[in-house]
Amino acid sequence: METFMKNKNNILVTGGAGFLGSHLCKKLLKEGYKVICLDNLFSCDIKNVDDLLKYDNFIFVEGDVCDFKINKKVDQIYNLACPASPVHYQRDPVKTIQTNVLGSINMLELAKNNNAKILQASTSEVYGDPMVSPQNEKYWGNVNPIGVRSCYDEGKRAAETLFFDYYRQFDINIKVCRIFNTYGPRMHHNDGRVISNFIIQALSNKPITIYGNGNQTRSFCYVEDLIDGLIMMMNTKKNCVGPMNLGSDIEISIKDLAFKIIKLTKSKSKVQFLEPLSDDPMQRKPDLNQAQTKIGWNYKTSLDEGIKNTVSYFKKNKI
Ligand code: NAD
Ligand code: UDP
């Protein structure tokens with residue numbers, strides 16, 4: 001593994017003002033990198049980069065990956081630009097698929113012109129509503145190509161195709177990570193994803209909104225662990241291209257998650273069952289064998305500890 005300490009390389013983080021992106025930028029800045037953060041502010045709060053602006057090595061550019069031109073030399077690109085919450089990626093579905101396809105082509109061209117490494121933030125959603133569990137990277141998935149989630153699922157699948165075609169056709173140094181549900185401080189209060197929704201509802205003693213019967217499962221990874229995994233993957237040898245699952249493999253039903261959050265926040269909230277969402281995957285759990293053996297990564301933070309940190313964040317950052 002190459003070392004990334006005290007490295008003065010220029011790193012571009014697209015979607016760098018978002019939830020994961022802002023944590024990634026901060027960690028890279030602390031490691032001594034120069035970081036350019038590109039974001040069109042579609043699904044984030046600009047406040048996420050407030051504490052990054054004090055670093056001399058940080059540049060924020062408000063712009064879109066679909067039409068972004070850069071004349072700075074970049075050595076690494078983390079391509080995170082794309083709304084990740086179903087609420088936000090379904091808000092402008094055509095834009096979502098454009099971001100994944102045109103944005104990826106733009107960033108891959110940039111990598112080609114700069115001889116840069118490029119990491120794609122792909123997703124467990126490429127497995128759709130999986131027929132196998134746990135999902136390993138050889139599984140091709142079960143995705144509805146015309147449903148309301150397709151703009152994201154198929155967009156991310158097309159992005160993976162582009163990454164592997166640029167790798168085979170132009171020998172680009174690619175890394176593809178399939179990220180499973182990740183949560184933590186700096187999720188937007190309107191993000192709409194389950195952990196932030198449940199914590200905000202619990203803290204205000206409002207009903208906890210469960211879509212469907214709550215028997216669907218997810219495996220939740222704490223943000224700091226995930227960011228370590230992305231950086232470890234970026235710093236692997238050229239032949240380690242992925243796709244690589246990153247996440248937690250502790251599966252929990254959404255109903256049990258609701259009760260856990262009620263308990264941890266000592267909330268008076270009751271659960272409220274709402275109509276199920278269209279094409280909502282029923283189970284999700286990564287096979288982490290590759291991450292453990294090829295890059296030596298594993299998550300460290302328990303769900304209880306991660307939820308407590310996230311609760312503290314939402315208590316401190318009241319809307
Ligand atoms: P997020 O919505 O907080 O961050 C995405 C960022 O991308 C936002 O700041 C948004 O404004 C920006 N963006 C969107 N479209 C853009 C465009 N066209 N040009 C420039 N910027 C644009 O979501 P996140 O959770 O931080 O996710 C980051 C990446 O990781 C996404 O690509 C997402 O698909 C992937 N991912 C996240 C998770 C997770 O659980 N957090 C899981 C799987 C994959
Ligand atoms: N969910 C829920 N209530 C909410 C938000 C989400 O029951 O307020 C469910 C959603 O239906 C899904 C799971 O929680 O089954 C995870 O949803 P999220 O949007 O966090 O991420 P996804 O894994 O679906 O992309």
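The values are calculated or read from the model by the stated rules, or taken from the named source; none is laboratory data. None of these values were measured; they are calculated from a predicted model. No Cβ is skipped: glycine too gets one built from the backbone with ideal geometry, and neighbour counts run over all protein chains shown. Each accessible area value is taken on the protein alone, full model and side chains, heavy atoms only, with ligands, DNA and RNA left out. Shrake-Rupley method; radii C 1.70, N 1.55, O 1.52, S 1.80 Å.
When each of ARG168, ARG186 is tested for being of a type outside the set (S, T, N, Q) and more than 19 Å from the chain's Cα centre (by Cα), the lone residue that passes is ARG168. When restricted to residues that are open to solvent by 60 Å² or more (accessible area, probe 1.4 Å), within 16 Å of ligand 2 (Cβ to nearest atom) and polar (S, T, N, Q), region 145-169 contains 0. Scanning region 257-277 for residues that are assigned to a helix (DSSP H, G or I) and in contact (Cβ under 8 Å) with a residue 24 or more places away in the chain gives LEU257, ALA258, LYS260, ILE261, ILE262, LEU264, THR265.
Yes/no matrix, rows are residues, columns are (1) acidic (Asp, Glu); (2) within 16 Å of ligand 1 (Cβ to nearest atom); (3) not in a loop (DSSP other than H, G, I, E, B):
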| site | (1), (2), (3) |
| --- | --- |
| ARG186 | no, yes, no |
| ASP191 | yes, yes, no |
| ASN197 | no, yes, yes |
| ALA202 | no, no, yes |
| GLY214 | no, no, no |
| ILE227 | no, yes, yes |
| LYS238 | no, no, no |
| GLY242 | no, yes, no |
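Has region 198-215 got any residue that is under 18 Å from the mean Cα position of the chain (by Cα) and either within 13 Å of ligand 2 (Cβ to nearest atom) or surrounded by fewer than 19 Cβ atoms within 10 Å (Cβ to Cβ) (or both)? No, the conditions are met nowhere in region 198-215.
Of the residues making up region 293-319, those that are of a type outside the set (Lys, Arg), in a helix (DSSP H, G or I) and open to solvent by 80 Å² or more (accessible area, probe 1.4 Å) are THR293, GLU305. Selection of first residues in region 22-49 that are aromatic (Phe, Trp, Tyr) and of second residues that are assigned to a strand (DSSP E or B), restricted to Cβ pairs under 7 Å at least 6 apart or on distinct chains, gives the following pairs, ordered by first then second residue: TYR33/ILE11. Here ILE46 fits the description: under 19 Å from the mean Cα position of the chain (by Cα), within 16 Å of ligand 1 (Cβ to nearest atom), at pLDDT below 95 and within 25 Å of TYR222 (Cβ to Cβ).
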